[in-house]
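Here is the structure we will look at.
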Amino acid sequence: MTATPFCSDPTIAHYDTEAAAFFATTVDVDMSPLYAPFLDKLAPGATILDAGCGSGRDALAFRERGFAVTAMEPSPVLARMAAVHCGLPVVIRRFQDLDWHARFDGIWACASLLHVPLAELPGVFHRLAQALRPDGVLYVSFKYGRGEREHGGRRFTDLDGVGLADLLGLMPRLEILKTWVTADCRQGRSDEWWLNSLIKHQSVAMRPRRSAS
């Protein structure tokens with residue numbers, strides 16, 4: 001497991017403190033309906049970064065499907081639990097510190113980018129694009145809404161389709177392929193809604209545009 005220098009971040013501290021409870025409530029959630037649109041864009045054995053892997057649930061699912069998976073998690077405590085669960089080393093790193101270049105065919109950022117402050121998201125999307133190979137695919141999900149808030153000791157950035165398109169509109173190599181809204185898959189949370197999006201890293205830059213669906 002690779003460590004990075006300690007960062008005093010209240011959201012990361014929350015996940016360190018609540019790691020066992022978070023692991024227990026998320027590790028067995030069936031995410032297969034969300035896997036399909038993402039994995040359909042990838043060749044067998046493709047390289048995937050599970051960015052903000054949490055319990056390691058999705059990293060394990062991708063590994064079992066034959067993909068070459070790298071797992072990343074900013075919470076050191078969660079990272080240790082995830083490594084045990086998925087059987088992979090977990091890189092301890094924040095999105096703001098990503099430094100891979102053309103390494104992955106796909107990046108899975110499920111319910112993880114939502115903790116990045118809105119002002120820092122453009123830079124983070126740039127780092128994610130750099131980490132993707134040309135024509136690679138990025139999956140992201142955010143709590144559906146607009147604006148920034150704090151809840152239970154964690155920072156959240158909520159987005160809808162227009163808000164996501166606005167963020168990506170000046171990044172000519174990132175094209176939104178699809179956006180859709182789903183209910184939370186966790187028990188007792190079906191009244192909470194998520195924005196999901198598939199984004200392609202174009203090999204040739206496109207004109208700046210605004211797109212939402």
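Since every read-out is calculated from the coordinates, none of them should be taken as a lab result. A quick note: this is a predicted structure, and the numbers were derived from the prediction, not measured. With ideal geometry, Cβ positions are generated from the backbone for all residues, glycine too; neighbour counts draw on all protein chains shown.
Between segment 89-156 and segment 158-184, what is the C-alpha centre distance in whole Å?
13 Å
If we restrict to alpha carbons, what Rg and Dmax does the chain come to, in Å?
16.0, 46
Under 1.5 on a/c is rounded, so check that first for segment 81-137, then, if it is not, pick prolate when a/b is larger than b/c and oblate when it is not; a ≥ b ≥ c are the square roots of the alpha carbon gyration tensor eigenvalues.
Working: a/c = 1.98, a/b = 1.23, b/c = 1.61.
Here segment 81-137 falls in the oblate category.
Please compute the net charge surrounding Asp9, taking Lys and Arg as +1 and Asp and Glu as -1 over other residues with Cβ under 11 Å from its Cβ. Working shown, then result.
Values: positive: Arg94, Arg154, Arg155; negative: Asp16.
So the surrounding residues net to +2.
Tally Lys/Arg at +1 and Asp/Glu at -1 over every other residue whose Cβ is under 12 Å from the Cβ of Leu60; what's the total? Could the numbers behind the result be given before it?
Details: positive: Arg57, Arg63, Arg65; negative: Asp28, Asp50, Asp58, Glu64.
Surrounding charge for Leu60 is -1.
Determine the sum of side-chain charges near Leu118: Lys and Arg each +1, Asp and Glu each -1, restricted to other residues whose C-beta is under 12 angstrom from that of Leu118. Working shown, then result.
Numbers: positive: Arg146, Arg149, Arg155; negative: Glu120, Glu148, Asp158, Asp166.
The answer is -1.
Show which aspartates and glutamates lie in cross-link reach of Lys200 when reach means a straight Cα distance below 14 angstrom and same-chain residues fewer than eight apart are skipped.
Asp40, Asp105, Asp135, Glu175
Dividing the alpha-carbon Rg of segment 17-121 by 2.2 N^0.38 Å yields what? Can you show the working numbers first?
On the way: Rg = 13.2 Å, N = 105, 2.2 N^0.38 = 12.9 Å.
Compared with the compact-globule rule of thumb, segment 17-121 sits at 1.02.
In the P(r) worked out for segment 110-162, what percent of Cα pairs fall beyond 16 Å? Before the final figure, lay out the partial values.
Details: 610 of 1378 pairs.
Roughly 44 percent, rounded to a whole number.
I need to check one value: relative contact order of the chain, counting alpha carbon pairs closer than 8 Å and at least 6 residues apart, in percent. Present the calculation step by step, with values, prior to reporting the outcome.
Numbers: 450 pairs, mean separation 38.9, N = 213.
Result for the chain is 18 percent.
Determine, for each peptide in 34-43, 48-57, 142-151, the mean count of other beta carbons within 10 angstrom over its residues, then list the peptides with the highest first. Write out the running numbers ahead of the final one.
On the way: 34-43: 15.4, 48-57: 26.3, 142-151: 13.5.
Put in order of decreasing packing, that is 48-57, 34-43, 142-151.
To the nearest 20 debye, what charge dipole does the chain have about its Cα centre, counting +1 at the Cβ of each Lys and Arg and -1 at the Cβ of each Asp and Glu?
Rounded to the nearest 20 debye, it is 540 debye.
For the chain, with the dipole built from +1 on Lys and Arg beta-carbon atoms and -1 on Asp and Glu ones, taken about the Cα centre, which of Pro134, Gly66, Val116 lies farthest toward the positive end?
Among Pro134, Gly66, Val116, the one farthest towards the positive end of the dipole of the chain is Pro134.
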